[in-house]
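The values are calculated or read from the model by the stated rules, or taken from the named source; none is laboratory data. Keep in mind the model is a prediction, meaning the values are calculated, not measured. All Cβ positions, glycine included, derive from the backbone under ideal geometry; neighbour counts span all protein chains shown.
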Amino acid sequence: MNTELLEIQPHEIRIIFELEKQSSCSIRLVNKSDHHVAFKVKTTSSSKYCARPNTGVIKPNLICDFTVTMQAQKVAPPDLICNDKFLIQSTIVSNGTTEDHIMCTTFAKEDGKHIEETKLKVILVSPPNSPILSSMNRISRMRSYNTVTESNNDLAQNNSSNAKVDEVYTKVVEARKNKQSINRKHTEELRLSNDVEEIKSKLREFESILKQDNPRTNQNTRTGEAGFQLLFVSVVALVVVSVYLGYLLHG
């Protein structure tokens, strides 16, 4: 049978170790099968640990938690290194089987019965602010610190890069606006120059018409008309020049 009957969470028994104090941790068993599964918890140091419940039946797709309690210890192991282990056995049982029906023969490996066995190692952890620190805990904390430091450095570098990108983008936008302003000014100057040339052309046409009109009038009339024409041309030219100068000054 290749299907795993129970999923065990977590895969190790982590117990906070304090001198002359009991300590406990919880382990969860998840029935991943469509069958009723019986389990049994064993340990290599029954005088030191207690598991409750140490046997039971889990229905299909349900869970069961058991608690491991370490009795108060008077002496701490060197560097909190522990070689104790737990063994969890599991097997399929018939519907209606209860904890009272579980016996030693339930997990006997006979007649081709499928028995799953999973070993869990005991890990002792020093409590916060305790002078008893194992090498494993020190290494773990150093790795955590290094990870946080690297993460902060990466964040600072990303922020610096984003600031540079924003600065470059702002300069590009300003340059584009300046270029558009210069293009608009050149366009307006070109349009005004064309308007001035058109007005000059109209004035030349008007002057030519006035000269050709009424050739038989007396000299005094021609003299008056010429003066009027000269005054008109001067006024129009003055207006055009004033408008052009005003545009240049305000542009």
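Out of all the residues in region 30-57, which are part of a strand (DSSP E or B) and either in contact with a helix residue (DSSP H, G or I) (Cβ under 8 Å, 6 or more places away or on another chain) or polar (S, T, N, Q) (or both)?
Asn31, Ala38, Lys40, Thr43, Thr55, Gly56, Val57
Out of curiosity, is Lys21 assigned by TED's automatic domain parsing to the domain that holds Val93 and assigned to a loop (DSSP other than H, G, I, E, B)?
yes
Of the residues that make up region 75-95, is at least one within 43 Å of the chain's Cα centre (by Cα), within 15 Å of Ile123 (Cβ to Cβ) and touching a residue at least 60 places away in the same chain (Cβ under 8 Å)?
Within region 75-95, one or more residues are within 43 Å of the chain's Cα centre (by Cα), within 15 Å of Ile123 (Cβ to Cβ) and touching a residue at least 60 places away in the same chain (Cβ under 8 Å).
Take region 104-120 and flag every residue that is farther than 23 Å from Arg28 by Cβ and either at pLDDT 95 or above or loosely packed, with under 11 Cβ neighbours inside 10 Å (or both).
Within region 104-120, Cys104, Thr105, Glu110, Asp111, Gly112 meet the criteria.
Of the residues Ser140, Ser126, only one is modelled with pLDDT under 60 and either in the same structural domain as Leu80 (by TED's automatic domain parsing) or among the hydroxyl-bearing types (Ser, Thr, Tyr) (or both); which?
On inspection, the qualifying residue turns out to be Ser140.
Residues to consider are Val68, Val75; find the one that is modelled with pLDDT under 95 and of a type in the set (Val, Ile, Thr).
Val75
When region 29-61 is examined, which residues are found to be out of contact with any strand residue (DSSP E or B) (no Cβ under 9 Å at 6 or more places or on another chain) and charged (D, E, K, R)?
Hit for region 29-61 is Asp34, nothing else.
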